[in-house]
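Structure record follows, encoded as structure tokens.
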Amino acid sequence: MGRSALAPTDPQRLKNYMLAARLGAGGQGVVYEAYDTRSGGRVALKLMRAGFDDPELRGRFAREVDAARRVAAFCTARVLDADTAAEHPYIVSEFIAGPTLRESVRHGGPLDGGSLLRLGIGIATALTAIHQCGVVHRDLKPDNVLLGPDGPRVIDFGIARLDAALESSRYTRPGMLIGTPSYMAPEVVSPGGSGRTGEAGPPADVFAWGAVVLFAATGRDPFGGAGIGEVIEAVALRRPDLSALAEPLRSLVDQALAKQPELRPTARQILLDLIGGRDAPARTQGELERGADTAAAVRPVAEASLPERPLGDAAEAVYGALPPAAREAARALLLRLVVPGERADGSEDSVRTADWAQLREAAEAAGADENAARQVVAAFTAGEWLTAEGATPQQATAAAGLLTAEGTSIRLTYPALLGAWPRLRGWVQEDREGLRTLRRLERDAGHWAAQDRRQDDLYRGAALRAAAAWAAEAPARLKPAAAEREFLAAGEAARTRNARLKRLRWGLAAVLVVCALLGGSIAYTTSEAKAEQDRKEAARRVATVANTLRLSDPVAAMQFAVASVRAADTVDTRAALYGALSQRERGALPLGGTSGGLLSADGRTAVSVGDGALRTWDVASGKARPAARIGGGDPEAAALTPDGRTVAVADGRRVAQYDARTGERAAPSYTAKSPVTELAFGGGGMLAVTSRDAVVLRDGGRTAGRYPHHDGVAVSPDGKTVALCKEGAPVGVFPVGSHTPKLTTAPTLIAGADCAVAFSPDSKIVSAVLAGEVCSWDLTAEKPPLRRFPHEGAGRLAFSPDGAFLAATDTNALTLRRTSDLRPDADPAPPVSYPLGNEEAAALALDGKAEAVRLLSGGTVRTLDVWLPRGHGAADDDGPAAALSPDGRLLVTQRGGGRLAVEPVSQRTPRRTVARAAEARIGGEGAYERLVFSPDGRRLATLARGGEVAVWRVSDDGVERLRTLREAGKAQGLAFLPGGGRLAVSREDRVEFIGVRDGKLRATVRDAGGAHLAASPACGLLATSGGDVIDIGARKVVRRGLAPADVTALAFHPKDCIVAYGDRLGRVALRDARTGFRHGDLPATDGGDGSGGPEAVASLAFGRSEFSAKGVLAVGGAHGALRLWDVSWQRQLGHGFATGTTGPVTAGFSADGARLYETGPGPGGVRAHPMAKDAAVAAVCRRASAGPPVTEKEWDVRLPEVDFRKPCP
């Protein structure tokens, strides 16, 4: 169970508890990981959301909690604390470090034998303890059983009954089920025809016990069905198969699952039967102890999702792994992120965001250097700042992101760390008074700077003396930063100046003038240096603003990035500039209303409905039409016609249609038989109205068809066909008004929860989100062919207006595929993916050419640039797609059957391809595992899958085979040596140097080699992926073990002995090949395929840079990622470039470093990214021209302390 960050609306503290992260959310509350500020202990806190206005309900809640607190701690999570009088009551219980039973079974399979028996004993023990206190669980299920380090623990008891009361008070629909139907007793789900659900008592918990044990034995819910109705019917009538159970569990589960509650045993009777006989004397305490001891041996499988370690433990582990010099820096740095409250017990302490410059100064004041400070930030940010020597990936991983670095702004990720980490609590307590003084000084110095350094804002008299005395005596870790020292110095200077004015005589004026003249040159030099420092600091602040605006205001972010680099060319401003150049976001339009927003099919029109008003926007310009009043309140559902002209709104059972521009009625209203839940338009104005009991198709003022209730509905653009899907059932496609299916999918292809369906613009293709995949069918074929792609979770589907592309969103990413790839015989091109994080798309639209996707999420329309796939991949998965010449002038790609094609990078189509001259020697597969250019770009060496090495002449007109080199063992890796006259070939146990012109063996280096080789033009060394370093002149190994494990790519710096090793986990190690010095480790970042995980490094390329002494490094990923790093600072520049592929990326630079080239699988196409400042600025300004310019007023709001600079001309 990973931590989910707190939402902006979540509290950070509730009395004595600091909230760290979300663990889960239910119908009535949110469960948080929290820490007791008094003890630092980790707890689970459930905050109830709403519905406590009724005093009777609040009193009932208090009684339920009191009863739950009396439950003995035998196989239960104890209730530790509660506040039933708060506006939003909460309950605090033990934190159980373990997965749910459902997670454990999913990862490790069903339980059997002793493990299953002990689980049954543990849950029966918990129910016995619960029932003896007069509490009924009411929602026992596999998700409410945690497998902790000391056995199973039952959670959430005593609260489900409250949930039921809250739900029944919120809704008026009788018979609502509160709980999980598959684990609810028959008397609860179907109480004898009374029309209302029954009240659950202890027998209902016993029924759930039997169902949970059966789930644990089979891995399946015991009562299934296509919908809730079938599940309820199964619970009421069907007896499940118990063959997976052995005695005594089989008999006891059979009794527990009896349909009549009076026939079921009690929880205590079950427990006694399992541990020693139902007729034993009543000694409940001993029975509970014995049951808990027996169940303690139950353990989750190793693969199950385990909770992350407590924050305090994680922080202590990272701190303990730091070198001694960095530990004192850690104390000084972390204290700068804390704001001490007025209460001495720390209950009012909070956190703040600090700039990197402030933290660096704090570390240096504490006696540590900048490298130590970077080590601290690197370790605590989980690798975001892994730039310092000695900071290891292991340290970063242990931190789990305890610090968050956004640009140069750094903060504690979890404010609860103040309560969770005893060491930090002790530091704050020891320095509480000093921290208060420092914070006041920082506040006053900041105010002085923001008010143009007015003398009236300086300290005077006793205040100045006290502050100066404290600054002089403060411990090193609390020494004021430069801004505060300057503030105090200004106050002292003002005091001195005023005193001197009282003593000076006019006769001294001449002396002062002479002194001023003599010191003028020194003052000028000092002021010039100060001005340069101020300029860089101002530029850094502008860059920080650019980084924070990327998602909320992409156009402004681009302009601030340009302004920052024009102010000063530094690593911070270049990172902002390249981030603006590479960001896919090019627009963000927030919508009002409560409908969640609507989008037309082409994404050009957006509509929101709420508060009785209808609002329409032109998405491209961001301009809104005047709101049209349509009356009513907030709608239950709304829909927009594909052309964006008509809006349908559902208010209860009533559905009305309006003109989106004027708000006038567009069609007669319609009243459904039950409340409407969803609306969807098709072609010709056909409207699908989904209510709780049916789907009705409305064509103007008439009903065109009626179907049973479904979860997902789509009407074809021609208005003639309807597609329906619902959880647990196949997809059905019908002619409008007919119940004779045009298509029914195979029984094995069933929809999951929140299924979705969509038609292509020509109405010939229908696609659906099913359980774990997206499937498509051709409705014009006799037997509709099927193409399936993997898909996770719920999502949205949309075709481009021209029908050429299909977009789908899931829990990870937005994915764009060519419609032609939906054919079963197609050779699919790599899809375009855009990571979405945790965003859930409410609507999805593509523009006419699918060059932009518009995604409606969280009430905001985001416009994303889409770079389409180059074409159908031709390279083997195990081989490279292409090779770029060292000067970036030529691209060589491999085609099917071992053919090679060459194209100048400045052109988009290959000149010609060569025939399969080597087919007989390569073999039937005909694929190349390595393509390597010579240093001058005139020769190409290839390594075929069968082990054959060949050399080719390369020119603008194509490639010509020169010779096949000698074979004496299968070759593994290739590299041209400096000068290009020799080729290094790695074989199983050696590296050979072979003459390119004559093919003769020149030298052999034994006991060395690897699948990848790289030669240094500056140092005369050859590095291998096996970690060997070979002196080319001496022809011997001079160093071993330099490379990390699982190297997938390597490259030498063109002017230095630095070698970069990329590994299978996406990390890059920078080492000095001559000395072995560790220059640093670049961490992995999320993959380009939207999966959220790291991807292997496919290519590495060093390039020259205008602003960095050691240049930049491009890292191409195996699944479409392309990252750019500054080598000197070892900092990522930008957010990663979109490559339009999910295959391996080949990266390279032009000879002057002014352009970054990248290409991927496919028949051709190279994308160039400008690296030179002026060209990059021009490119970003062209992108930003689509939106309004940043005004001086907007600048002053965001950067009041920095002079306005017009970003783009």
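So if each residue of separation counts as 0.36 nm, and I subtract the Cα-Cα distance between Leu263 and Arg1006, what length gain in nm does that give?
259.4 nm
Suppose R0 equals 45 Å. What FRET efficiency, 1/(1 + (r/R0)^6) with r the Cβ-Cβ distance, do Ala1168 and Ala781 give to the nearest 0.05?
Details: r = 42 Å, r/R0 = 0.94.
According to the calculation, E is roughly 0.60.
In nm, to one decimal, how far is the Arg439 label point from the Glu348 one, both placed 7 Å along Cα→Cβ?
0.9
What order do you get for 1040-1051, 711-722, 79-90 when each peptide is scored by the mean count of other beta carbon atoms within 10 Å, highest first?
Result, highest mean Cβ count within 10 Å first: 711-722, 1040-1051, 79-90.
Which stretch or stretches of region 1172-1191 have amide N atoms under 17 Å from the point lying 7 Å from Asp618's Cα along the Cα→Cβ direction?
Taking a point 7 Å out along Cα→Cβ of Asp618, the residues of region 1172-1191 whose backbone N falls under 17 Å are 1185-1189.
Would you mind giving the three semi-axes, in whole Å and largest first, of the ellipsoid equivalent to region 589-865 according to its Cα gyration tensor?
28, 23, 16
If you average the sequence gap of Cα pairs under 8 Å that are 6 or more apart and divide by the length of region 589-865, what percent do you get for the contact order? Don't skip to the end; give the middle numbers.
Numbers: 794 pairs, mean separation 33.6, N = 277.
Reported as a whole number, the value is 12 percent.
How much length is gained on full extension from Asp643 to Arg953, taking 0.36 nm per residue of separation minus their Cα-Cα distance?
106.0 nm
Report the FRET efficiency, 1/(1 + (r/R0)^6), for His107 and Ala1186, where r is their Cβ-Cβ distance and R0 is 51 Å, rounded to 0.05.
That gives a FRET efficiency of 0.60.
Sorted by packing (mean other beta-carbon atoms within 10 Å per residue), highest first, where do 200-213, 356-369, 1169-1182 land?
200-213, 356-369, 1169-1182
Mind checking the dipole of region 589-865: about its Cα centre, +1 per Lys or Arg Cβ, -1 per Asp or Glu Cβ, Debye to the nearest 20? Could the numbers behind the result be given before it?
Details: 29 positive and 31 negative charges, 154 e Å.
Using Cβ point charges on Lys, Arg, Asp and Glu, region 589-865 gives about 740 debye.
In region 925-966, what is the volume of the convex hull around the alpha carbon atoms, normalised per residue and reported in Å³?
71
Highest first, please rank the peptides 10-16, 461-467, 758-764 by the mean number of other Cβ atoms sitting within 10 Å of their residues. Intermediate values should be presented prior to the final figure.
Working: 10-16: 15.3, 461-467: 13.3, 758-764: 20.0.
So the order, starting with the most tightly packed, is 758-764, 10-16, 461-467.
List Phe789, Phe95 from most exposed to least, where exposure is judged by having the fewest other Cβ atoms within 10 Å. Intermediate results must be reported in sequence, preceding the final value.
Values: Phe789 17, Phe95 21.
Going from sparsest to densest Cβ surroundings: Phe789, Phe95.
Do the alpha carbons of any pairs in Lys720/Lys764; Lys530/Lys1193; Lys259/Lys726; Lys1173/Lys1206; Lys1000/Lys1036; Lys46/Lys141 sit beyond 21 Å of each other, and which pairs?
On the way: Lys720/Lys764 11 Å; Lys530/Lys1193 27 Å; Lys259/Lys726 29 Å; Lys1173/Lys1206 17 Å; Lys1000/Lys1036 19 Å; Lys46/Lys141 18 Å.
Where the Cα-Cα span goes over 21 Å, the pairs concerned are Lys530/Lys1193; Lys259/Lys726.
Quick note: the coordinates plus some simple rules give every number you see, no bench work behind them. Small disclaimer: the values here were computed from a predicted structure and weren't measured. All Cβ positions, even for glycine, are placed from backbone atoms using ideal geometry, and neighbour counts span all protein chains on display.
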